[in-house]
Amino acid sequence: MDLRQLRYFTHIVESGSLSKASRQLFIAQPALSQQLSKLENEVGRPLLKRSSRGVAPTENGLALYHHARFMLRQLEQAMSIARQESGAVHGMVSVGLPATTVAALGLPLVRRVRERYPSILLNVVEGMSGHLGQMMRTGQLDLAVLFSGDVASDVSVDLLLEEELFVLLPKQSALVAARRKSITIAEAAALPLILPTGEHGLRRRIAAEFDQRNLSPHIVAEIDSLSLLMNCVYEGIGATIKPMAAVFLEGKRGRQWRALSISDARMSRRNYLYSLPPARLSTAAAVVAAELRSTALGLVDSGAWSGVEAIAPAEC
């Protein structure tokens, strides 16, 4: 078994297709199939199930995939360290952040790490929390901010902050009277709402509040792209329910927003900082985890990130 075979195998699993992996890797499909066959012969078990829809890992293949991903990431980090000058914290650190968290925390975090630890290569992955959770479970990320405390059992989890959810509207919107600073949950349900799809954790959190009160929200669109969703809201298609991080960058675009608190329901979501267990966490990743927490606390303390209660480590 060699590392090339493991790289090919993980790429095939992630693409779900030999032909697609062949194109992405710039390798002829027969040659790729030959390398896969060699790997399966060495393992002594089938690693992929083939069908008309593509390929999927067998139980043995999935176990190998998880370990291979971790091994390959460790090798990448080792090579990164070997190429760096001595005397500084260095290495590659992969951080998974949901879209709203990227809007509030992404740029300040990248800037801070770059200024303080120029030898750290920061790899920021934006995605839905469910996808990031899967990446965390399979060892593809060193750190992630997620919205549930039970995403993975073999990693470290700390409560980072709690975000209040608001009904967000453009400042000029006539959907709610201009004098209003808050809204009831029943009034929110009656608004034309643009929300994420049902697979999104935030949507499930909002739906639970409506279901608890036997309310049927008036949903006019379901959009998982944060930028498109906020563009649609700003164009007057509907309102949305989001944390304040969703409008963090909107002021720089010249847009003005209203954030209406929900007066008769406690609608919030918790943010958890996930990291690999200490035995597997590199020095660089531990440094970035500390900087991520410090950056988040600083944004909240300064008032730049509103509608958020930061949780200090002693409170976790």
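The values are calculated or read from the model by the stated rules, or taken from the named source; none is laboratory data. Values in this document were obtained by computation on a predicted structure and should not be read as measured data. Backbone-built Cβ (ideal geometry, glycine too); neighbour counts: all protein chains shown. Accessible surface areas use protein heavy atoms only, side chains included; no ligands, DNA or RNA. Shrake-Rupley method; radii C 1.70, N 1.55, O 1.52, S 1.80 Å.
Taking Cα pairs under 8 Å and at least six residues apart, what relative contact order does the chain come out at, in percent? Intermediate results must be reported in sequence, preceding the final value.
Details: 495 pairs, mean separation 67.5, N = 316.
The value is 21 percent.
Which angle between 0 and 90 degrees, to the nearest 10, do you get for helix 107-116 versus the longest principal axis of the chain when only C-alpha atoms count?
Long axis of 107-116 versus the principal axis of the chain: about 50 degrees.
If you line up the long axis of helix 59-83 against the longest principal axis of the chain, both from Cα atoms, how many degrees apart are they, to the nearest 10?
90 degrees
Before rounding to the nearest 500, sum -39500 (n - 2.57) across all DSSP H runs of length at least 4 in the chain and divide by the residue total; then give [θ] at 222 nm in deg cm²/dmol.
On the way: 10 runs with 126 residues, N = 316.
Helix contribution divided over all residues of the chain: -12500 deg cm²/dmol.
Please compute the volume of the convex hull spanned by the alpha-carbon atoms of the range 155-308 and report it per residue in Å³.
Details: hull volume 20.3 nm³, N = 154.
Per residue, the Cα convex hull of the range 155-308 comes to 132 Å³.
Can you tell me the orientation of helix 283-301 relative to the chain, as the angle in degrees between its alpha-carbon axis and the longest Cα principal axis, to the nearest 10?
In the chain, helix 283-301 runs at an angle near 10 degrees to the longest axis.
Could you check what % of the DSSP bridge pairs in the chain are antiparallel, to the nearest 5? Show your work: numbers first, answer last.
Working: 27 of 43 bridges.
If we restrict to bridges inside the chain, about 65 percent are antiparallel.
Would you mind telling me the share, in percent, of accessible area of the chain contributed by carbon and sulfur at probe 1.4 angstrom? Could the numbers behind the result be given before it?
Details: 7870 of 15470 Å².
For the chain, the apolar C and S fraction of the accessible surface comes to 51 percent.
Based on the alpha-carbon gyration tensor of the range 50-171 and its eigenvalue square roots a ≥ b ≥ c, which shape applies: rounded if a/c is under 1.5, prolate if not and a/b is larger than b/c, or oblate?
Since a/c reaches 1.5 but b/c is at least a/b, the shape of the range 50-171 is classed as oblate.
Could you work out how far the C-alpha centroid of the range 169-188 sits from that of the range 262-309, in angstrom?
The range 169-188 and the range 262-309 have Cα centres spaced 29 Å from each other.
About the Cα centre of the range 154-204, what is the dipole size in debye to 20, counting +1 per Lys and Arg Cβ and -1 per Asp and Glu Cβ, all else neutral?
Details: 6 positive and 7 negative charges, 116 e Å.
Using only the charged Cβ atoms, the result is roughly 560 debye.
At a 10 angstrom cut-off on C-beta neighbours, averaged per residue, how do the peptides 159-171, 216-228, 276-288 rank from highest to lowest?
Numbers: 159-171: 20.9, 216-228: 14.3, 276-288: 17.0.
For the peptides 159-171, 216-228, 276-288, the packing ranking is 159-171, 276-288, 216-228.
With a 10 Å radius around each residue's Cβ, average the other Cβ atoms per peptide and rank 60-66, 137-143, highest first.
Per-residue Cβ counts within 10 Å, averaged per peptide and sorted highest first, yield 137-143, 60-66.
Given charges of +1 on the Cβ of Lys and Arg and -1 on the Cβ of Asp and Glu, with all other atoms neutral, how large is the dipole of the range 168-272 about its Cα centre, in debye to the nearest 20?
Values: 16 positive and 9 negative charges, 105 e Å.
The dipole magnitude comes to about 500 debye.
Using only the alpha carbons, work out the radius of gyration and Dmax of the chain in angstrom.
22.5, 72
Take every Cα-Cα pair in the range 245-316 and report what % of them are more than 16 Å apart.
On the way: 1645 of 2556 pairs.
It works out to 64 percent of all Cα pairs.
Compute the distance in nm between two label points, each set 7 Å from the Cα along the Cα-to-Cβ direction, one at SER153 and one at GLU250.
So the label points at SER153 and GLU250 sit 4.1 nm apart.
How high is the relative contact order of the range 174-316, given as a whole-number percent (alpha carbon pairs under 8 Å, six or more residues apart)? Mind dumping the intermediate values first?
On the way: 119 pairs, mean separation 37.6, N = 143.
Result for the range 174-316 is 26 percent.
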